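Student: First the structure, then my questions, so here it is.
The values are calculated or read from the model by the stated rules, or taken from the named source; none is laboratory data. Here the structure is a predicted model, which is why all the values come from computation and not from measurement. Positions of Cβ are backbone-derived with ideal geometry, glycine not excepted, and every protein chain shown enters the neighbour counts. The area values use the complete protein model at the heavy-atom level, side chains included, leaving out ligands, DNA and RNA. Shrake-Rupley method; radii C 1.70, N 1.55, O 1.52, S 1.80 Å.
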Amino acid sequence: MTEDVRRVFRMDNEVLAFRFTATVSERASRTPRERLTDTARLKMWLGATGLDVIDVSPARLKDAVVLREAIYRIGSAIAAGVRPESQDVRTLNTVAAAGRATAALEHERAGWHLTKTTPVSDALGVLATDAIRVLGGPDRGRIKNCEGPGCAGLFLDTSRAANRRWCSMNTCGNKVKKSRITAG
């Protein structure tokens, strides 16, 4: 696939698990946009995040989408101050437990070694583990849904005043500012 990963996916979220949920964009619009449209796209996204896999089967793509949606629903529930659905939590924990990736420091950078037998499951385990770290960590009260028009993407508000409203100033924040200029 010769597509540029940054033209296909939003890669600007600081939280890996939330970057994964952004493989669906415009979630709050009438027509959310699915970006994991086939196995090659999942392979491309995983490679762009340092979780390189040789091949992705249709079954693993389905597993990835199930995990992504569970992460999104749990994050949105936390952002809304409600308890996440137990099935979503079970999905997250099961996928995390199935992964066998090992953390590695190579060339002064953190990365992951995936097994040769179950690399996609290992990669999904990394994503699930990252989600658990954020969703159950000390900053869980800073998880928010973007207020940008049609977005609703998840982000971790790391601003000092905890008053950030957009998943990215460069995308959703700019859209809001531009709409204010044209309306004014």
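Student: Just checking my list (1) 8, 31, 31, 20, 7, 2, 0; (2) 9, 36, 36, 15, 3, 0; (3) 10, 35, 33, 14, 5, 2, 1, 0 against P(r) over Cα pairs in 10 Å bins from 0, in percent computed from this structure; which label fits?
Tutor: (2)
Student: Spit out the partnerless Cys residues in the chain, using Cβ distances under 4.7 Å as the pairing rule.
Tutor: Cys172
Student: Give the accessible surface of the chain per residue, rounded to a whole number of Å², with probe radius 1.4 Å and ligands, DNA and RNA excluded.
Tutor: Dividing the accessible area of the chain by its residue count gives 58 Å².
Student: Regarding segment 63-128, what are the three Cα extents along the principal axes, ordered largest first, in Å?
Tutor: 41, 26, 16
Student: Next question, about the same structure. Got the relative contact order for segment 1-144 handy, in percent, Cα pairs under 8 Å and 6 or more residues apart?
Tutor: It comes to 23 percent, rounded to a whole number.
Student: OK, next. Using alpha-carbon positions, what is the distance between the centroids of segment 143-161 and segment 44-99, in Å?
Tutor: 19 Å
Student: Taking all protein chains in place and a 1.4 Å probe, what share, in percent, of the accessible surface of the chain do carbon and sulfur account for?
Tutor: 52 percent
Student: Going highest first, how would you order 110-121, 151-162, 66-77 by mean Cβ packing within 10 Å?
Tutor: Sorting 110-121, 151-162, 66-77 by mean packing, highest first, produces 66-77, 151-162, 110-121.
Student: Calculated from DSSP H runs of 4 or more alone, at -39500 (n - 2.57) each and per residue, what is the 222 nm mean residue ellipticity of the chain, nearest 500?
Tutor: Calculated at 222 nm, the ellipticity per residue is -14000 deg cm²/dmol.
Student: Rounded to whole Å and ordered largest first, report the semi-axes of the equivalent ellipsoid of segment 105-160 derived from its Cα gyration tensor (root of 5λ).
Tutor: 28, 15, 12
Student: On a 0 to 90 degree scale, rounded to 10, what angle separates helix 39-48 from the longest Cα axis of the chain?
Tutor: 80 degrees
Student: Using a Förster distance of 30 Å, how high is the FRET efficiency between Arg35 and Ala161, based on the Cβ-Cβ distance and rounded to 0.05?
Tutor: It comes to 0.40.
Student: Order these peptides, 5-18, 30-43, by their mean beta-carbon neighbour count within 10 angstrom, highest first.
Tutor: Answer by packing, highest mean first, reads 5-18, 30-43.
Student: Grab the other residues whose beta carbon is less than 13 angstrom from that of Gly125, score K and R as +1, D and E as -1, and report the net.
Tutor: Residues near Gly125 contribute 0 overall.
Student: Lysine pairs in the chain with Cα distance under 21 Å, only those 8 or more apart or on different chains: how many are there?
Tutor: Count of close lysine pairs: 5.
Student: Measuring from label point to label point, each 7 Å out along Cα→Cβ, what is the Ala110 to Ala98 span in nm?
Tutor: So the label points at Ala110 and Ala98 sit 2.5 nm apart.
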